[in-house]
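Report on the structure given below.
Values in this text are rule-based calculations from the coordinates and carry no lab data. As the structure is a prediction and not an experimental result, all values here were calculated from the model. Quick reminder, even Gly has a Cβ in these numbers, built from the backbone with ideal geometry, and neighbours come from all protein chains shown.
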Amino acid sequence: MAADDGVASYGPGGRGFYGAVTVSERGQIVIPAQARRDLGIAPGDKLLVLGDPEQGLALMSIQHLMRTLKGSSALLEQIQQHVQGGTDAADPEGR
């Protein structure tokens, strides 16, 4: 269950590699301290566990998801207005 105490490696866009963790018999893992610091994860925070059969697991904070959904809902509203208005994106005058 203990995390690797190595130093984090950072790639494009600030993406980090924080080492490897071991899953306990109860299915628990420890998120490395540097990852918690970098990502602002504090005790009591809720994380979503997302899975993809080909890519594996990902963790996301609920706050991040809510910010993403707010941006997505604004975009969806703009698209719906565009579709209902019947204008062409290449010709906003509708010609």
*Ratio of segment 37-78's C-alpha Rg to 2.2 N^0.38 Å, to two decimals?*
1.43
_Could you give each residue of segment 47-56 its phi-based ³J(HN,Hα) in whole Hz, using Karplus coefficients 6.51, -1.76, 1.60 with θ = phi - 60°, and x for Gly or Pro?_
10, 8, 10, 10, x, 9, x, 8, 9, x
*Diagonalise the Cα gyration tensor of segment 1-45 and give the resulting equivalent ellipsoid semi-axes, square root of 5 times each eigenvalue, largest first, whole Å.*
20, 14, 8
*For segment 1-79: relative contact order, % (alpha-carbon pairs under 8 angstrom, 6 or more apart)*: 19 percent
*Order the peptides 67-76, 49-58 from the highest to the lowest mean number of other Cβ atoms within 10 Å of their residues.*
67-76, 49-58
